[in-house]
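Note sheet for the following structure.
The values are calculated or read from the model by the stated rules, or taken from the named source; none is laboratory data. As the structure is a computational prediction, the values presented were derived from the model and not from experiment. Neighbour counts run over all protein chains shown; Cβ positions are idealised from the backbone, glycine included.
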Amino acid sequence: MKVAVLDDYQNVALSLADWDSLHAQVEVFSEPFSDEAATVAALADYDVIVAMRERTPFPRSTLSQLPKLALLVTTGTGNAAIDIEAARQLNITVSSTGYFSYPTVELTWGLILATARLIPQNTESVRRGSWQVGLGTSLHGATLGVLGLGRLGTRVAEIGGAFGMRTIAWSQNLTPEDAQAKGVTYVSRDELFARSDVLSIHVVLSERTRGLIGERELGLMKPTAMLVNTSRGPVIDEAALLAALDEKRIAGAALDVFDREPLPADHPLRSMDNAVVTPHIGYVSRDLYEVFYRDAVEDIATWVAGSPLRTLT
């Protein structure tokens, strides 16, 4: 049995689970594939593929060119980059692993603090031999806007309270009663953008949320406001955001997710002094990776034994 472990950027997969117990040929791919042709060429001979979240897409066109593939394990409890119906029709079993969301919540607050207190800029200044640069802002008494008050958004709101922030929220399915039950003030969509000093995004990418934040919404924001996105890049219209940052119409953005990942080397966000960017590391923590890879090995062993699996539907 040949097993491919994909997109292990840190080269840690083999050290975090007992892959030897599978008595299989396991190969780790640490670099992303450039396109579909490269994906197919690299993976055509594998029986089992372990995908790291949504880093490598598996549409029907890709799955149909992987004749030996019988089991596709995705880390996490869901994967929008896999065509589940196509996999079913091609007799490819798709299973999932455990997941918990607090690493993303923690990173969200790391990004908020980094942006508010100009931590990257001041760190770089010290490294250059200089000293203080810029003037940060405190969070106490500021308004935290949360776009999407689900599991992650609710936890982000709770932590905002510990900083002494006032929290408001809006999303397409949120009701005033649900917001009140979570200690948050419900506002209209336009109010969310207009009133937030820090606006943090926590919605699932869908046709309803793609491009949800565009030129109009960014235009409603205060020139002192900060936008934080640890959700999915396409929720924000990238061109509109780049223009708003370039023209200093908002104070800054902290982004862990992008339209294209990895972010191209020449992308303007890499050099903007009012953008804090991290390489989609919201879920990248040792404890969560241990769950991912341990469960992936268990899924493969369970599948080999012919026992029931946690399958995606």
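Of the residues making up segment 57-77, those that are surrounded by fewer than 20 Cβ atoms within 10 Å (Cβ to Cβ) and either of a type in the set (S, T, N, Q) or over 23 Å from T302 (Cα atoms) (or both) are P57, P59, R60, S61, S64, Q65, T77. Figure legend. Inter-residue proximity from segment 65-79: first residues assigned by TED's automatic domain parsing to the domain that holds D47 and within 22 Å of V291 (Cα to Cα), second residues at pLDDT below 95 and among the hydrophobic types (A, V, I, L, M, F, W, C), beta-carbon distance below 8 Å, spacing 6+ or different chains. Indicated pairs: T74/L312; G78/L312; N79/L312.
Regarding T209, is this residue farther than 22 Å from Y283 by Cβ and polar (S, T, N, Q)?
No, not satisfied.
Residues that are farther than 23 Å from A17 by Cα and aliphatic (A, V, I, L, M) do occur in segment 57-69, at least one of them.
Residue-wise test of (1) part of a loop (DSSP other than H, G, I, E, B); (2) closer than 21 Å to T115 by Cα; (3) touching a residue at least 12 places away in the same chain (Cβ under 8 Å); (4) not basic (K, R).
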{"site": "G145", "(1), (2), (3), (4)": "no, yes, yes, yes"}
{"site": "A157", "(1), (2), (3), (4)": "no, yes, yes, yes"}
{"site": "A169", "(1), (2), (3), (4)": "no, yes, yes, yes"}
{"site": "E191", "(1), (2), (3), (4)": "no, no, yes, yes"}
{"site": "K222", "(1), (2), (3), (4)": "yes, yes, yes, no"}
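Given the condition part of a helix (DSSP H, G or I), within 19 Å of the chain's Cα centre (by Cα) and more than 25 Å from Y102 (Cβ to Cβ), answer yes or no: does some residue in segment 224-240 qualify? Yes: one or more hits.
State whether the residues of segment 242-258 include one that is more than 21 Å from G160 (Cα to Cα) and either under 14 Å from the mean Cα position of the chain (by Cα) or in the same structural domain as A81 (by TED's automatic domain parsing) (or both). Yes, that holds for at least one residue. For segment 211-220, the set of residues classified as part of a helix (DSSP H, G or I) and in contact with a helix residue (DSSP H, G or I) (Cβ under 7 Å, 6 or more places away or on another chain) consists of E215, E217, L218, L220, listed by residue number.
Taking only segment 265-306 into account, find how many residues are outside any helix (DSSP H, G or I) and basic (K, R). Step through it out loud before you land on a result.
Filtering segment 265-306 down to residues outside any helix (DSSP H, G or I) leaves 265-267, 271-285, 306.
Cutting the leftovers down to basic (K, R) gives us none.
So the answer is 0.
When residues in segment 121-143 are screened for being in a loop (DSSP other than H, G, I, E, B) and either in contact with a helix residue (DSSP H, G or I) (Cβ under 7 Å, 6 or more places away or on another chain) or hydroxyl-bearing (S, T, Y) (or both), 9 of them pass.
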